Amino acid sequence: MTKTKIEWADFTWNPIVGCSRNCWYCYAKRMNQRFQWIPEWTKPQFFEERLSEPLKLKKPSTIFVGSMFDINDGDIPKDWIKKNNIVTGK
């Protein structure tokens, strides 16, 4: 998780990074081009080790989930989403 300067959120949390949709206006894709988090934006990657990060917070926080991926991207495997749901309780 990353502390953020977004006014309505305390942290961003991205257990998945990338999106196969490749929209020309995508903010997340431009950020990846700048910081090179993953080598190929259009092939989402799952970082399972990030799943437990919200559980480590000591105080209530507002978390922006999925700022670097599209949860509705059809190329994100369902088992990745299920693993995320186990951690978030949904």
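Quick notes
- Calculated from backbone phi, Karplus (6.51, -1.76, 1.60) coupling profile of segment 65-78 in Hz, x at Gly/Pro: 8, x, 6, 10, 7, 10, 4, 8, 5, x, 8, 8, x, 4
- Under DSSP loop assignment and at most 14 Cβ neighbours within 10 Å, longest chymotrypsin sites (Phe, Trp or Tyr not before Pro)-free interval of the chain: 48-90
- Sum of -39500 (n - 2.57) over DSSP H runs of 4+, divided by residues of the chain (222 nm, nearest 500): -6500 deg cm²/dmol
- Three-way shape label, segment 1-54, alpha-carbon gyration tensor, a/c 1.5: oblate
- Extending 7 Å from the Cα toward the beta-carbon at both K43 and K83 defines two label points whose distance is 1.7 nm.
- Spin-label pair Y25-K5: with each label point 7 Å from Cα along the Cα-Cβ axis, the two points sit 2.4 nm from one another.
- Simple spin-label estimate for Q33 and D75 in nanometres, 7 Å along Cα-Cβ: 1.7 nm
- Residue by residue, segment 28-42 carries 3J(HN,Hα) couplings of 4, 4, 5, 5, 5, 4, 6, 9, 6, 5, 10, x, 10, 4, 6 Hz when phi is fed to the Karplus relation 6.51 cos²θ - 1.76 cosθ + 1.60 (θ = phi - 60°); x denotes Gly or Pro.
- The lysines within cross-link reach of K59, meaning a Cα-to-Cα straight distance under 16 Å and a gap of 8 or more places when in the same chain, are K3.
- Per residue value of the accessible surface for the chain (all protein chains in place, 1.4 Å probe), Å²: 71 Å²
- In Hz, Karplus ³J(HN,Hα) per residue of segment 9-16 (6.51, -1.76, 1.60; θ = phi - 60°; x = Gly, Pro): 10, 8, 9, 10, 9, 9, x, 10
- Placing unit charges on the Cβ atoms only, positive for Lys and Arg and negative for Asp and Glu, gives the chain a dipole magnitude near 220 debye about its Cα centre.
- Anchor K82: aspartates and glutamates whose Cα lies under 16 Å away (excluding residues fewer than 8 positions away in-chain): E48, E49, D70, D73
The values are calculated or read from the model by the stated rules, or taken from the named source; none is laboratory data. Note that this is a predicted model, so its numbers are computed, not measured. Here Cβ is always computed from backbone atoms with ideal geometry, including for glycine, and neighbour counts include all displayed protein chains. The accessibility values were calculated without ligands, DNA or RNA, using every heavy atom of the protein model including side chains. Shrake-Rupley method; radii C 1.70, N 1.55, O 1.52, S 1.80 Å.
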